[in-house]
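Undergrad: Pasting a structure here, questions to come.
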Amino acid sequence: MKHCIGLMGGTFNPIHYGHLLLAQEAKEQYDLEQIWFLPTRRPPHKDNDELPKDKERMEMLRLAIKDHPAFTISMLEMQRTEGKTYTYDTLRELKKKYPMTEFYFIIGSDSLFYLHKWSHFEELLQGMVFLVALRGGEQEKEEELKQLMEKYRKDYHAKLDVIKMPLIEISSTFIREKAKEDLSIKYYLPENVEEYIKTHHVYGEESFSCH
């Protein structure tokens, strides 16, 4: 019997309600058994000097998903100690370890337009299903997105589909900037994650002061 698992990669710096809602919609719309969050240790496209300590990102992620029975954390990418983290290497390891599992990789619509720049992108397209988040309010992108998906299906026999999402404009960058400026981040992420950021001063020396 083949298992169906959703994968969500990212730095989760910090994780927020946009991530969590996307994971939940993917699970429900495609009847996935679980969603595995894959925190990245050294992303190839980002400045690692901007990342907080690994243990802080992991604790924020753990707090955010701890009450969802179908959400879990895979430490596969965090356990790599050398080089950049590439999705292709992750896929190879996962398929070797779980040969009876179909993996569904969850990405935003913007990521699909840059997928051709990913390492071994042809093998990625053929090795797992890509679920692309199309948010409400992005109708202007929908036709372009569908054309690109059809091209990948035709040229690479790729398996791609769309996750219908409401338009929620939350970004980790926005949250970090607010926290650094001592502004409230309430309602952007789970309360326990907000409290952790505040208590441990993850994004600044002092946060959430009254004066």
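Undergrad: For the condition open to solvent by 40 Å² or more (accessible area, probe 1.4 Å) and hydroxyl-bearing (Ser, Thr, Tyr), what is the one hit in Tyr156, Tyr203? Talk me through it step by step, then tell me what you get.
TA: On the way: Tyr203 fails: open to solvent by 40 Å² or more (accessible area, probe 1.4 Å).
Exactly one of Tyr156, Tyr203 is open to solvent by 40 Å² or more (accessible area, probe 1.4 Å) and hydroxyl-bearing (Ser, Thr, Tyr), namely Tyr156.
Undergrad: If you scan region 187-205, which residues turn out to be closer than 12 Å to Tyr17 by Cα and either aromatic (Phe, Trp, Tyr) or touching a residue at least 40 places away in the same chain (Cβ under 8 Å) (or both)? Walk me through how you get there before you give the answer.
TA: The first filter runs over region 187-205 and keeps only residues closer than 12 Å to Tyr17 by Cα, leaving 187-191, 193-194.
Residues satisfying the conditions are Tyr187, Tyr188, Leu189, Pro190, Val193.
Undergrad: Here are Leu145, Leu131, Leu112, Leu125: which of them is open to solvent by less than 10 Å² (accessible area, probe 1.4 Å) and more than 23 Å from Trp36 (Cα to Cα)?
TA: Working: Leu131 fails: more than 23 Å from Trp36 (Cα to Cα); Leu112 fails: more than 23 Å from Trp36 (Cα to Cα); Leu125 fails: more than 23 Å from Trp36 (Cα to Cα).
Just a single option satisfies the conditions, and that option is Leu145.
Undergrad: Would you please list the contacts, defined by Cβ atoms under 7 Å and residues six or more apart or on different chains, that run from a residue in region 64-75 that is under 24 Å from Lys186 (Cβ atoms) to a residue that is open to solvent by less than 20 Å² (accessible area, probe 1.4 Å) and among the small types (Gly, Ala, Ser)?
TA: Phe71/Ala23
Undergrad: A further question on this structure: Quick one: how many residues across region 32-42 are open to solvent by 40 Å² or more (accessible area, probe 1.4 Å) and touching a strand residue (DSSP E or B) at 6+ places or on another chain (Cβ under 7 Å)?
TA: Residues meeting the conditions: 2.
Undergrad: If Trp36 meets every condition in (1) under 21 Å from Lys159 (Cα atoms); (2) modelled with pLDDT under 95 apart from one, which number is that one?
TA: The one condition Trp36 does not meet is (2).
Undergrad: Sticking with this structure for a sec: Please go through region 170-186 and give me each residue that is touching a residue at least 40 places away in the same chain (Cβ under 8 Å) and not aliphatic (A, V, I, L, M), ordered by number.
TA: Those that are touching a residue at least 40 places away in the same chain (Cβ under 8 Å) and not aliphatic (A, V, I, L, M): Ser171, Ser172, Arg176.
Undergrad: Just one of (1) on the phi > 0 side of the Ramachandran plot; (2) at pLDDT 95 or above; (3) not β-branched (Val, Ile, Thr) trips up Gly83, so point out which.
TA: Condition (2) is where Gly83 drops out.
Undergrad: Restrict the check to region 155-168 and report whether at least one residue is part of a loop (DSSP other than H, G, I, E, B), touching a helix residue (DSSP H, G or I) at 6+ places or on another chain (Cβ under 9 Å) and under 17 Å from Asp110 (Cβ atoms). First the steps, then the outcome.
TA: Going residue by residue through region 155-168, those that are part of a loop (DSSP other than H, G, I, E, B) are 157-158, 166-168.
After this cut, where a residue has to be touching a helix residue (DSSP H, G or I) at 6+ places or on another chain (Cβ under 9 Å) as well, the list is 157-158, 166, 168.
When the remaining residues are screened for being under 17 Å from Asp110 (Cβ atoms), the result is 166, 168.
Looking for residues that are part of a loop (DSSP other than H, G, I, E, B), touching a helix residue (DSSP H, G or I) at 6+ places or on another chain (Cβ under 9 Å) and under 17 Å from Asp110 (Cβ atoms), one finds at least one in region 155-168, hence yes.
Undergrad: On the given criteria, is Leu134 in a helix (DSSP H, G or I) and under 26 Å from Leu61 (Cα atoms)?
TA: Spelling it out, it is not the case that Leu134 is in a helix (DSSP H, G or I) and under 26 Å from Leu61 (Cα atoms).
Undergrad: Residue by residue through region 174-200, note down the ones that are of a type in the set (Ser, Thr, Tyr) and open to solvent by less than 70 Å² (accessible area, probe 1.4 Å). Steps first, answer last, please.
TA: Going residue by residue through region 174-200, those that are of a type in the set (Ser, Thr, Tyr) are 184, 187-188, 196, 199.
Correct list: Ser184, Tyr188, Tyr196.
The values are calculated or read from the model by the stated rules, or taken from the named source; none is laboratory data. What you see is a predicted model; the values in this text were computed from it and never measured. Reconstructed Cβ throughout: ideal geometry from the backbone, glycine too, with neighbour counts over all protein chains shown. Ligands, DNA and RNA are stripped out before the accessible areas are found, and what is left, the full protein with its side chains, is counted by its heavy atoms. Shrake-Rupley method; radii C 1.70, N 1.55, O 1.52, S 1.80 Å.
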